[in-house]
């Protein structure tokens with residue numbers, strides 16, 4: 001079993017457990033059923049690496065997490081579930097892109113770098129979320145509006161940065 | 001921006017909008033892993049100014065035939081001072097069939113490190129050339145990708161496959177006055193006895209016919225042998241859309257290509273002067289010439305020959321530029337013919353060309369796919385009758401006609417058509 005498969009299994013298990021636990025605690029069994037079906041969908045995506053399947057499963061999982069939040073499930077579990085869904089999605093795409101590559105040292109190095117950065121990004125974000133939930137850090141609505149406005153204006157800068165990465169021949 | 005970035009970006013925006021509309025802070029928190037993921041990608045994206053690569057594409061063969069596979073090796077070296085994450089891939093050309101190997105790879109290259117991509121491909125025929133090796137440089141998460149085209153020129157030519165024909169004793173109307181292998185109907189130096197004439201001053205003594213001289217006192221006679229010369233042969237391959245037929249993977253035009261290549265090889269091997277015209281909306285030609293170099297020219301021309309595209313109207317066969325063929329040459333037309341093609345043969349005969357038509361049978365070629373019901377069988381019969389009538393009309397113009405069913409060997413038919421006696425041909 002390759003590293004990415006182990007990573008996939010752990011992330012999928014974390015996602016399913018978080019969402020099932022969240023919905024189960026709130027007693028919303030329909031959510032549990034949908035989570036299990038989504039988990040099976042992710043597994044199907046691993047077996048049949050179709051282009052569109054991971055891109056469907058990720059929004060479905062995030063929607064499940066959002067619905068859980070709105071329906072009164074534990075927000076921490078839902079956020080962890082959506083974060084784990086992001087990891088599953090990324091590892092699934094990584095697996096699909098590396099499937100045609102021969103197992104060489106350079107490819108293994110790419111895989112390791114990818115998984116390390118993924119774990120670092122999502123792990124640190126989830127730690128911040130956990131701390132934020134623990135400290136009951138409440139953002140006032142007006143501050144949130146200002147924050148969103150900043151993000152919207154920031155998108156322009158990000159877009160400008162991304163547009164530099166076009167075809168260079 | 002690739003699909004991954006788009007999906008993550010859309011989810012972030014959707015979560016923000018949902019958080020705002022529901023006034024739910026927990027949903028806003030949910031965006032944090034996605035934002036961290038996206039920012040990690042942007043943070044790790046390589047700086048274009050610092051990137052430096054060298055690339056090379058090696059081809060084992062620059063010329064090959066359709067049977068052998070061509071081995072290709074792509075190598076990319078990182079010349080920058082930092083490690084880079086790459087996706088190296090090969091641009092596959094139309095007509096290439098990958099036989100073995102790897103066409104793409106994701107790698108992380110340390111400074112000075114090199115990666116190689118090896119594969120082999122086959123193709124029916126054609127010219128394949130590349131100018132660059134495409135690579136995608138990205139962050140480790142593959143979110144911010146930059147496409148670079150690294151210059152690496154290479155080209156290979158897949159020449160058409162053909163069957164080698166044995167040498168046939170060709171008889172033509174006229175020959176070129178260059179020593180060759182065809183009896184030229186002229187007295188001179190040769191091997192076959194041609195006749196006897198009166199002795200001329202300067203004739204070698206060994207060619208004197210002593211018996212005849214003994215019977216005629218005070219007169220001398222010299223034996224003459226038949227000169228052997230080469231022939232002028234023009235090959236015309238019909239590449240008009242109306243004469244082609246494609247059944248599954250098989251193409252009638254490819255049979256024509258193969259037949260033309262076989263004939264060219266046979267005639268050039270015999271030492272004859274051969275020219276080629278591939279006739280369609282765009283014509284390709286090889287002017288008359290000899291030797292292996294001429295065979296290479298003809299094969300190169302045949303490897304690039306294509307049937308006219310469907311968008312263009314069919315051109316009549318009558319517009320063939322016959323002036324490119326030397327007068328009295330033997331012209332071999334390889335075509336499945338359309339119903340209006342008879343006039344060309346009239347023109348060719350009027351100009352004194354000796355003509356051989358190798359007509360590929362489209363009805364026999366398509367027969368396995370045609371219906372077996374009574375109506376279809378009747379239609380096939382009518383089409384065959386029409387074709388037979390057309391070939392008979394053409395043969396009445398003193399044109400040798402080979403009705404070639406492409407699944408049968410061509411050589412015996414060509415041998416029978418070209419080795420008839422001179423008297424029969426005229």
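The values are calculated or read from the model by the stated rules, or taken from the named source; none is laboratory data. Since this is a predicted model, take the numbers as computed values, not measurements. Cβ: placed from backbone, ideal geometry, glycine included. Neighbour counts: every protein chain shown.
Tabulated data for the structure shown
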{"read-out": "Unique match (being outside any helix (DSSP H, G or I), in contact with a strand residue (DSSP E or B) (Cβ under 6 Å, 6 or more places away or on another chain) and at pLDDT below 90) among A:73, A:101", "value": "A:101"}
{"read-out": "Of the criteria (1) at the interface with chain A (Cβ under 7 Å from one of its Cβ atoms); (2) farther than 16 Å from residue B:140 by Cα; (3) buried (at least 18 other Cβ atoms within 10 Å of the Cβ), which one residue B:19 fails", "value": "(1)"}
{"read-out": "Answer residue from the stretch B:145-176, given it is surrounded by fewer than 15 Cβ atoms within 10 Å (Cβ to Cβ) and out of contact with any strand residue (DSSP E or B) (no Cβ under 6 Å at 6 or more places or on another chain) and is modelled with the lowest pLDDT among those", "value": "B:169"}
{"read-out": "Search result, residues across the stretch B:217-228 that are surrounded by 11 or more Cβ atoms within 10 Å (Cβ to Cβ) and more than 26 Å from residue B:181 (Cα to Cα)", "value": "B:220, B:221"}
{"read-out": "Complete set of residues in the stretch A:2-13 that are surrounded by fewer than 18 Cβ atoms within 10 Å (Cβ to Cβ) and assigned to a helix (DSSP H, G or I)", "value": "A:3, A:5, A:6, A:9, A:10, A:13"}
{"read-out": "Subset of the stretch A:126-144 [at pLDDT 75 or above and either at the interface with chain B (Cβ under 8 Å from one of its Cβ atoms) or in contact with a strand residue (DSSP E or B) (Cβ under 9 Å, 6 or more places away or on another chain) (or both)]", "value": "A:126, A:128, A:129, A:132, A:133, A:141, A:144"}
{"read-out": "Count of residues meeting criterion [within 14 Å of residue B:107 (Cα to Cα), in contact (Cβ under 8 Å) with a residue 12 or more places away in the chain and in contact with a helix residue (DSSP H, G or I) (Cβ under 9 Å, 6 or more places away or on another chain)] in the stretch A:79-107", "value": "3"}
{"read-out": "Residue B:107 under 30 Å from residue B:250 (Cβ atoms), crowded, with 21+ Cβ neighbours inside 10 Å and not assigned by TED's automatic domain parsing to the domain that holds residue B:300", "value": "no"}
{"read-out": "Test result for residue B:278, on the phi < 0 side of the Ramachandran plot and under 16 Å from the mean Cα position of the chain (by Cα)", "value": "yes"}
{"read-out": "Among residues of the stretch A:14-50, those that are surrounded by fewer than 21 Cβ atoms within 10 Å (Cβ to Cβ), under 23 Å from residue A:107 (Cβ atoms) and in contact (Cβ under 8 Å) with a residue 24 or more places away in the chain, counted", "value": "2"}
{"read-out": "Residue in the stretch B:150-170 that is free of Cβ contacts under 8 Å to residues at least 24 places away in the same chain and either within 14 Å of another protein chain (Cβ to nearest Cβ) or assigned to a strand (DSSP E or B) (or both) present", "value": "no"}
